[in-house]
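A.B. asks: Okay, handing you the structure first.
The values are calculated or read from the model by the stated rules, or taken from the named source; none is laboratory data. In this text the structure is predicted, and so the values were computed from the model without any measurement. Cβ placement follows ideal geometry from the backbone for every residue including glycine, while neighbour counts extend to all protein chains displayed.
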Amino acid sequence: MPVLSLVIPFLNERAGAERLGDFLRRLEQEIGTRFGLSLEVVLVDDGSRDDSIPQYRRHLTGNWKIAELSRNFGKEIAIFAGLEQTTGDYVMMIDADLQHPYDVCLQLIGELTADPTLDVVYTVRDDRKQESFKKDMGSRLFYWLINFQQRYTVPENAGDFRIMRRAVRDALLTVRDKRRFNKGLYAWTGFRQKGIPYTPDERLDSVSRWSRLALIGLSVEGITSFSVIPLRIFSILGAFTGICGVIYGLKILLEVMFYGVSVPGYPSLMVAVAVFGGFNLALLGLIGEYLWVGVSEAKNRPLYILRGIHTPDEEQHKP
Ligand code: UDP
Ligand code: MG
């Protein structure tokens, strides 16, 4: 019987444990009869501070397990840790907060198992209507930056909620990026992919585990590990302002030599100092971001550390 592995990262999600248990039992039943698949579940505890682990452990059966990370490593890394534990022919990622509707999960499984020419079926979130214009512009700019002049396209609003064949999971695991940006990696690995739209359900406790700052951090990670365009823009901008400065300088020189105009000093000087100083600082910060990516990779630390694996029978055994 082919196996479907589910990877589910969670951080302080004790409130949803009961619902997730029901969800998993129902899914196991239905994919068995409809698609002839058996279910393997890999939950990943991403450093929860509440009693999520015992709450979730009550729902483990068979070869289901919880991989407990030694601290919070972030969802991107938690998913990587989960992928390493999977053994299935198909691998699907869902969130523990069950914002990913049951029917869409079935649809994903149905589409991939029915079509041998496909390797990945991903979902595209279509809840953008509620979001502000400002945020929308920000996200446009973001996708434009990471997709500019690339040989692959990162689709907008396509997240971790997706199903893939084992070969794709293997490919993702060969990528050892420390600063991980999954959305980019999914596109980078290639394969035959298909997107389907979906609308996420409401979150049970309506508090996203991502703060706005964490989201900005993830975007910077995405850009610095997938695009060199910001650096290039600054190089061009720097060259352009430099040339303007030279032309302006020549103009002043000619005026002094041939027309005896006294050099207009202070205001133009201040403008130049502010503009060049600002550009310089911004570019230094940007170079620092890229440098930090390089340093993180060079340090070559492991991506995550396991505290242990929880299975239904054993309380806990160290890996
Ligand atoms: N999550 C995680 N580690 C983190 C942040 C989030 O494992 O550092 C999990 C979280 O428990 C949930 C999933 O990732 O299962 C998605 O998080 P959330 O629902 O807060 O994100 P959103 O739905 O707002 O994108
Ligand atoms: Mg959520």
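A.B. asks: Exactly one condition in (1) in contact with a helix residue (DSSP H, G or I) (Cβ under 8 Å, 6 or more places away or on another chain); (2) not basic (Lys, Arg); (3) not in a loop (DSSP other than H, G, I, E, B) is false for Leu98; which is it?
C.D. replies: Unmet for Leu98, out of (1) in contact with a helix residue (DSSP H, G or I) (Cβ under 8 Å, 6 or more places away or on another chain); (2) not basic (Lys, Arg); (3) not in a loop (DSSP other than H, G, I, E, B): (3).
A.B. asks: OK, next. Just give me the residues in the stretch 73-104 being within 16 Å of ligand 2 (Cβ to nearest atom) and polar (S, T, N, Q), in sequence order.
C.D. replies: Selection gives Gln99 alone.
A.B. asks: Let me ask something else. Residues to consider are Phe35, Phe80, Phe73, Phe23; find the one that is more than 15 Å from ligand 1 (Cβ to nearest atom), of a type in the set (A, V, I, L, M, F, W, C) and touching a residue at least 60 places away in the same chain (Cβ under 8 Å).
C.D. replies: Phe35
A.B. asks: For the stretch 47-70, check the following and say yes or no: at least one residue is out of contact with any Gly (no Cβ under 9 Å at 6 or more places or on another chain), within 16 Å of ligand 1 (Cβ to nearest atom) and under 22 Å from Arg176 (Cβ atoms).
C.D. replies: yes
A.B. asks: If you go through the stretch 246-256 one residue at a time, do you hit one that is out of contact with any helix residue (DSSP H, G or I) (no Cβ under 8 Å at 6 or more places or on another chain), farther than 30 Å from Leu98 by Cα and among the acidic types (Asp, Glu)?
C.D. replies: Scanning the stretch 246-256, I find at least one residue that is out of contact with any helix residue (DSSP H, G or I) (no Cβ under 8 Å at 6 or more places or on another chain), farther than 30 Å from Leu98 by Cα and among the acidic types (Asp, Glu), so the answer is yes.
A.B. asks: Here's a follow-up. Here are some residues: Ser48, Ser52. Which one is in contact with a helix residue (DSSP H, G or I) (Cβ under 7 Å, 6 or more places away or on another chain), free of Cβ contacts under 8 Å to residues at least 60 places away in the same chain and farther than 16 Å from Tyr186 by Cβ?
C.D. replies: None of the others qualify; the one that does is Ser52.
A.B. asks: Next up: Go through (1) without any contact (Cβ under 8 Å) to a residue 24 or more places away in the chain; (2) loosely packed, with under 13 Cβ neighbours inside 10 Å; (3) away from ligand 1 (no atom under 16 Å from the Cβ) and name the single condition Thr153 misses.
C.D. replies: Status for Thr153: all satisfied but (1).
Residue by residue, here is whether (1) within 13 Å of ligand 2 (Cβ to nearest atom); (2) loosely packed, with under 12 Cβ neighbours inside 10 Å; (3) assigned to a loop (DSSP other than H, G, I, E, B) holds:
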site: Phe191; (1), (2), (3): no, no, yes
site: Gly195; (1), (2), (3): no, no, no
site: Asp201; (1), (2), (3): yes, no, yes
site: Leu204; (1), (2), (3): yes, no, yes
site: Arg209; (1), (2), (3): yes, no, yes
site: Ser219; (1), (2), (3): no, no, no
site: Gly222; (1), (2), (3): no, no, no
site: Ser225; (1), (2), (3): no, no, no
site: Arg232; (1), (2), (3): no, no, no
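A.B. asks: Answer yes or no as to whether Phe23 is out of contact with any strand residue (DSSP E or B) (no Cβ under 9 Å at 6 or more places or on another chain), within 15 Å of ligand 2 (Cβ to nearest atom) and not β-branched (Val, Ile, Thr). Write out each step before concluding.
C.D. replies: Numbers: out of contact with any strand residue (DSSP E or B) (no Cβ under 9 Å at 6 or more places or on another chain): yes; within 15 Å of ligand 2 (Cβ to nearest atom): yes; not β-branched (Val, Ile, Thr): yes.
So Phe23 fits the description; yes.
A.B. asks: Something else: When residues of the stretch 203-228 are filtered for being within 11 Å of ligand 1 (Cβ to nearest atom) and either farther than 24 Å from Arg49 by Cβ or of a type in the set (Phe, Trp, Tyr) (or both), how many remain?
C.D. replies: 1
A.B. asks: Do any residues in the stretch 265-290 that are at negative phi and assigned to a helix (DSSP H, G or I) have Cβ atoms under 9 Å from those of residues that are modelled with pLDDT of 80 or more and among the aromatic types (Phe, Trp, Tyr), where the two are at least six apart or on different chains, and which pairs are they?
C.D. replies: Ser268/Tyr248; Ala272/Tyr248; Phe279/Phe234; Ala282/Phe234; Leu283/Phe234; Leu286/Phe234; Ile287/Phe234
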